[in-house]
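Data block below; observations after.
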Amino acid sequence: MKGLPGFRDFYPEDAARRQYVWEKWRAVAERYGFSEYDGPTLESTDLYAKKNESGAEILQQLYNFQDKGERNVALRPEMTPTLARMVAAREKNYRKPMKWFSMGPCFRYERQQKGRLREFLQLNCDILGDGSTASDSEMIALAIDLMREFGFAGEDFVVRVSSRKAWMDFILARGVSTDLIPSVLQAADKLERDHEDALNARLAPAGLTCADLREFIAGGSPEAFAPLLADLKARGLDGFVEIDLSIVRGLAYYTGLVFEVFDKSRSMRALAGGGRYDGLIAALGDGSVDMPAIGFGMGDVVLSNYISEHPAASAALNQWLEAHRGCDVAIVLVDEAQRPEALGVLQALRDQGFSVELPFQVTKVGKQFQTAEQSGARHAVVIGSEWPLVKLKHLATRTETQVPHSELAQSLRKGQEHGVPGRSAA
Ligand code: HAM
């Protein structure tokens, strides 16, 4: 039977790649002093639908159903409403600003296409309780450093920065009634993707056209971004950023700065996107907690596609995969009769933190060595007629020593000290 469209199987080689993305995401977020949190994958549909804070598009893409207790539930399409709900409930327990990150699956009933699946992983980084430009730029710097961590450079990607506030000012100055604002923003978000006539029809009730929106975008007001750009310049990161008012973002809750990360050739969907959402926590709590917030989400799908298309990024991935392949020690057992001795060695080394494998069935010694090498093991330990001495072989250099089995762990550790590569932290 086949799996569902838009859902992925992770075979070991896929899981290893996922682990690579996972580790880098966590490493960079922690470097910025973010703490990890998590929430449920299933939420009440009301979290997305009741106040329609996320916007109409997300509602159409909701994976929702009624559970056996007749509750209306939805698989989370994004993390931000969950985060806002959690923060509104327990905000008093945490010092501000709160810098939180989370990594996990999100679900959207979208048409499967390049860069878009129905289940994907998303890293979310958010700063809550600070409304200053300093947290805006910290967020953008984090997005830039995430990209750099995977091996992408200034010629590869750009962070396009815009302002929902500038858009709101423009729309309100045109006398558009507030109930029509979401549809104008949605049309603006689709300006490069949807058909002009369809968009004009959507804009007509607000008395606007695509041409009006383009004129606003072309006449942008970069002065408002000067403090942000000065902050990024002081970090040496201003070269990664472009002011581009064509960025609007599809989600409804943004109130100020918005941004998206793109590959420079613009052949792919956005790698990440986010912005400031100063009203969401008040809207999703009981209203007593109100707090400025900014954050972004980065998905693993477009990112992984881009890594595989980019020589330096895929070389870094392959190097990581190679270093994380195989175990520290493959035991080579010459004679089945010595399995008890081999099992003793196996357990002793594992107890000391080494990763060790012992074949379930004895085959020819040459075959066992071949299997060990192919699996990426770093050492082989041969248990044979010289017992209690064993042969320790470093597989890459083919250097061999004979040691008493009781000193194996010590020898392995010494090898690591002398730069013989090994993964175990033992
Ligand atoms: P978003 O732009 O909807 O923002 O999603 C962020 C990223 O998630 C996208 O740039 C893309 O990489 C990935 N993504 C979204 N949908 C899919 C999909 N169907 N398949 C694969 N990847 C996808 C948000 O979700 C906001 N909640 C981000 C945020 C956090 N804003 C503030 N804090």
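Couple of notes before you dig in:
- Considering only Cys210, Cys125, Cys327, the mean-square fluctuation computed in a Gaussian network model of the chain, springs between alpha carbons under 10 angstrom, is largest for Cys327.
- A simple spin-label model places pseudo-atoms 7 Å from Cα toward Cβ; at Ala230 and Glu373 they are separated by 6.3 nm.
- Tilt relative to the chain, helix 12-31 - C-alpha long axis, 0 to 90 degrees, to 10: 60
- Within region 148-164: backbone nitrogen closer than 19 Å to the Asn318 label point (7 Å, Cα to C-beta): 150-153
- Each residue, Phe10 and Arg116, gets one label point 7 Å from its Cα in the Cβ direction; the gap between the two is 2.4 nm.
- Selected from Arg108, Arg325, Arg193 as most flexible by GNM, with the chain as the system and alpha-carbon contacts under 10 Å: Arg193
- Our note on the geometry: Cα centres of region 366-414 and region 116-149, 46 Å apart.
- Charges were assigned to the Cβ only: +1 to each Lys and Arg, -1 to each Asp and Glu. The resulting dipole of the chain about its Cα centre is roughly 580 debye.
- Those trypsin sites (Lys or Arg not before Pro) in region 28-106 that DSSP places in a loop and that have at most 11 other beta carbons within 10 Å: Lys50, Lys68, Arg95
- On Cα atoms only, tilt of 133-149 relative to the major axis of the chain in degrees: 40
- Most mobile listed residue (Glu57, Glu155, Glu341) in the chain, GNM with C-alpha springs under 10 Å: Glu341
- Think of region 12-319 as having a plus end and a minus end, set by charges on the Cβ of Lys, Arg, Asp and Glu; of Leu257, His310, Asn64, Asn64 sits farthest toward the positive end of this dipole.
- Region 324-360-region 173-194 distance, computed between alpha-carbon centres (Å): 65
- Proximal lysines to Lys99, defined as alpha-carbon separation beneath 22 angstrom and excluding residues fewer than eight positions away on the same chain: Lys24
- DSSP beta bridge pairing in the chain, given as percent antiparallel to the nearest 5: 80
- Within a straight-line Cα-Cα reach of under 18 Å, Lys114 can be paired with the following lysines, leaving aside sequence neighbours fewer than 8 residues apart in one chain: Lys190, Lys264.
Quick note: the coordinates plus some simple rules give every number you see, no bench work behind them. Since the model is a prediction, treat every value here as computed from it, not as a measurement. Positions of Cβ are generated from backbone atoms using ideal geometry, with glycine treated the same way; all protein chains shown enter the neighbour counts.
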